[in-house]
Amino acid sequence: MKILLLALFATSAMAETPPVPKMFKGMQGQKGQYQIDILEAAGKSAPQKMTICTDNLMKSPAQGARADSGCTYKLLKDTADEAVVESTCNGRTSTIGFKRESANSLLMSMQSAGPKGPQTMKMRYTHLGACREGQGTVSMDQNSDQCKQIRQQAAQMDPAKQCANQTADRAVCEKSMRQMRDRMLGACK
């Protein structure tokens, strides 16, 4: 279940691989898509429901960039149905608890403290099966407020204007901007 752990910690930079608790070793479907239901979150900008494709997460070029972050992980509790992992990254310490709900789902709760203040979050992860053909790493409901904002931002992105001051690498800049816009829109398909 190492892939799911990487997905759970994807927002944190990683130097050390998170430990794999016993409860994940019995879960079905290490790869594939997981529906994430955000039950509680400190910020209102978080989508209430999203899907991640762990196959794509493992292909992400950012994985190599995370190697120098200095993050550390400790397994504080490790049973067949419950685990607690402590992580420390960039001055923020997080305690993440996992409880098995069924063979295909688990509840995750996180409390963290750091320079930007405390944060809490509760989510449910449910394995849905294999990723769909062409599925992005993160997918959200097309009609969600987040997707409406993403479409508005993407509509305002003009690679030619944003790269106008680039002389030597203008084509590279424009290509990069188009790819960024496509990735943003891809989350809402």
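FYI, it's all coordinate maths here, none of it is from the lab. The shown structure was predicted, so the numbers you read here are calculated from the model rather than taken from an experiment. Using ideal geometry, Cβ is built from the backbone for each residue, glycine included, and neighbour counts are taken over all protein chains shown.
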Checklist entry - Once the dipole of segment 143-189 is set up with Lys and Arg at +1 and Asp and Glu at -1 on Cβ about the Cα centre, which of A160, Q149, M177 lies farthest towards its positive end? => result Q149
Next on the checklist: Starting from 0.36 nm per residue, how many nanometres of slack lie between D169 and V20 once their C-alpha separation is accounted for?
Outcome noted: 49.3 nm
Checklist entry - S176 to Q162: extension gain in nm, 0.36 nm per residue of separation minus the Cα-Cα distance? => result 4.0 nm
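What ranking do S102, S144 get, fewest neighbouring Cβ atoms within 10 angstrom at the top?
Numbers: S102 10, S144 15.
Going from sparsest to densest Cβ surroundings: S102, S144.
What number, in percent, do you get for the relative contact order of segment 143-189 if the mean sequence gap of Cα pairs under 8 Å and at least 6 apart is divided by its residue count? List each step's numbers first, then the result.
On the way: 23 pairs, mean separation 21.9, N = 47.
Relative contact order comes out at 47 percent.
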Next on the checklist: At 7 Å along Cα-to-Cβ for each site, give me the label-to-label distance between D37 and N143 in nm.
Outcome noted: 1.8
Checklist entry - ³J(HN,Hα) across segment 156-162 via Karplus (A = 6.51, B = -1.76, C = 1.60, θ = phi - 60°), whole Hz, x for Gly/Pro? => result 8, 7, 10, x, 5, 6, 5
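Roughly how big is segment 143-189's charge dipole about its Cα centre, with Cβ charges of +1 (Lys, Arg) and -1 (Asp, Glu), in debye to the nearest 20?
Numbers: 9 positive and 5 negative charges, 24 e Å.
That gives a dipole near 120 debye.
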Checklist outcome for this item: Here segment 31-41 yields Karplus 3J(HN,Hα) values (6.51, -1.76, 1.60; θ = phi - 60°; whole Hz; Gly and Pro given as x) of 9, x, 9, 10, 7, 10, 9, 8, 8, 8, 8
Checklist outcome for this item: Ranked on Cβ counts within 10 Å of their own Cβ, fewest leading, V85, V20 go V20, V85
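So if R0 is 45 Å, what FRET efficiency would L76 and K49 give, r being the distance between their Cβ atoms, rounded to the nearest 0.05?
The calculated FRET efficiency here is 0.95.
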Item to check | Efficiency of FRET from Cβ geometry, T120 and A155, R₀ 45 Å, rounded to 0.05 | outcome: 0.85
